[in-house]
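Here the structure comes first, spelled out in structure tokens, and everything after it is commentary.
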């Protein structure tokens, strides 16, 4: 399970953003360190690093959004494995990243545009996926 998953050819001939989007949302590289972080490099040179805890806590799936909306934690749960890790990661079309977590959760798709907006919201409070 240890290691990295890289998607270094995201920019190339096939853009990884929806039609009409600008380079600020176009990914040129996506590096997934299964035990530490996800690093996204955007077409305008901006590099954003997200810890696994940030990503899992803010999972954008309907179930996790519903839990957060009710004031409950989406993660960690009493049964959550520690340490948190990514067991698999893959591109979801040309616009997002799908992560399979070591707690079995796999329904969240992290849109590249949302990752960029979340990164741009720093250094203050991060914008939630909800």
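Values quoted throughout were computed directly from the atomic coordinates according to the rules given, and no laboratory measurement underlies them. Owing to the predicted nature of the structure, the values given are computational and were not obtained by experimental measurement. Glycine also receives a Cβ, built like all others from the backbone with ideal geometry; neighbour counts cover every protein chain displayed.
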Taking only Cα atoms of region 4-120, radius of gyration then Dmax in Å: 14.2, 45
In nm, spacing of pseudo-spin labels at residue 79 and residue 54 (7 Å Cα→C-beta vector): 2.9
Residue 66 paired with residue 106, simple spin-label distance in nm, labels 7 Å along Cα-to-beta-carbon: 2.0
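Report the full-extension gain for the segment residue 36 to residue 117: residue separation times 0.36 nm, less the Cα-Cα distance, to one decimal in nm. The partial results should precede the final answer.
Working: separation 81, 0.36 × 81 = 29.16 nm, distance 2.09 nm.
Additional length available on full extension: 27.1 nm.
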